[in-house]
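Presented below is the structure to which this report refers.
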2 protein chains.
Amino acid sequence: MAVAVGKGGVLELAVLGSLNETPLHGYELRKRLNALLGMFRAFSYGSLYPCLRQLLVNGLITEEPPEETAATTAAQAARDASPPLAGRRSKIVYRLTAEGKERLQHLLTQAGPSAWEDESFGVHFAFFRHTEAEVRLRILEGRRSRLEERLDAVRTALARTRERLDSYTLELQRHGLESVEREVRWLNELIDTERAQAVRATTERADARDAEPLSDKPNE
Amino acid sequence: MAVAVGKGGVLELAVLGSLNETPLHGYELRKRLNALLGMFRAFSYGSLYPCLRQLLVNGLITEEPPEETAATTAAQAARDASPPLAGRRSKIVYRLTAEGKERLQHLLTQAGPSAWEDESFGVHFAFFRHTEAEVRLRILEGRRSRLEERLDAVRTALARTRERLDSYTLELQRHGLESVEREVRWLNELIDTERAQAVRATTERADARDAEPLSDKPNE
DNA sequence: GTTAGCATGTAAGGAGTTACATGATTTT
DNA sequence: AAAATCATGTAACTCCTTACATGCTAAC
């Protein structure tokens, strides 16, 4: 503890989450990330590499220096000897450490604005598989109320507006509202599904308990 | 010219565009902006006031110091005399100058990535009323191809993926794709409408020309 | 008389991007 | 042998946010 951890970007979570699935080198990591989140955001190398560096310094990942394959060594050996071992261009594979996994778990447990704001929600959702059911639910609900606040704010502001707007402004409002409403409906479905699963889980546990001879609550 | 103009944030356009409709003071300007663009982004005072300051320095807006209303003067007169005229808290109304209008027109003529990227498209669209038809069309098409690129990129990346994804990742992909596809359809409709209007406009001009006795192109 | 909303600002800093620089490997 | 793609990295910068600081005015 007190390791002066994370500066709270989404990138950190995205990187740790990806490396949790499988070790990767920077270039491919970025491709994966942009394939996974491409509809919501895209990261550049200019942010990715410094992030990896920082994670390395913090001990959350380890770098496996390019293994000396036959090909690499042979090609290198020809004009080596003078450059000690600097300037070696090859893949640097990063792997999550135990601390890294801990940190990832910590980040995935955070159910706050940092999880449901526009920039971060997608990333958090992408790793829901590794998130506790309860936290998932709170994030989905958090996002939903965030969006509903927004709808309220814009709608009441719109209602108070004296001058009527031109057709472009109007069309933008309409499209914006519709998009957000759609996402709210989507969230509603997801929340229902999550709740149903939670119920099923408790029911199963209840069933198991009912089967026990010493059950506390036989009926109810 | 060579006034070392604009650093290219969307805020500048949003402010100039709003002040073009009617003079406003900072506080209300922000409310308007967030009502207009609330579904897409929100600005804070911490960015708005410095922006206004900069626009003022650049001569794109003027500030009308709080007019000395009867109420203000009366209340102030009681304990005035010592504070010369500093620390006066009241509305500061900003108004667009001729240079400001020029600058706004310039910004609205830019049909490039700065107009159709995620952060800026909404703002540009919001002021389409003051944008030339041709520029409008190019921005809409630019945004559409931007989104289509994104769809392509994600879809081909998805197709190349070996391992099949968990249900959350899948659901995120599905929702993301669907949202972007929806926006593309929306853009298609808008583009069609714009084109129809353009055709109507040229037809009218052609009709007018055909009516002329000395028309160059009688048939074709 | 105190909370809530109106009104204006500043300092510090966050989370990235762009543009650049370099070089290896594969494809054409 | 040229072009494309793979691969890693840095410096400078951008645009905006957060948190703070201040004070007026209206409503309860």
message: If you take each beta carbon of peptide A:148-154 and count the beta carbons of other chains within 10 angstrom, what is the mean?
response: 3
message: Please compute the average number of Cβ atoms from other chains found within 10 Å of each residue's Cβ in peptide B:37-45.
response: 5
query: Mind checking the mean number of beta-carbon atoms from other chains within 10 Å of the Cβ atoms in B:172-181?
result: 5
- request: Would you mind getting me the FRET efficiency between residue A:114 and residue A:47? Use the beta-carbon distance for r and R0 = 25 Å, nearest 0.05.
  value: 0.90
query: Check residue A:61: other-chain or 5+ apart residues with amide H under 5 Å from its amide H, H built from backbone geometry?
result: A:56, A:97
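Bear in mind that the values in this text are calculations on the coordinates, not laboratory data. A quick note: this is a predicted structure, and the numbers were derived from the prediction, not measured. Because the Cβ atoms are built from the backbone with ideal geometry, glycine has one as well, and the counts that use them run over all protein chains shown.
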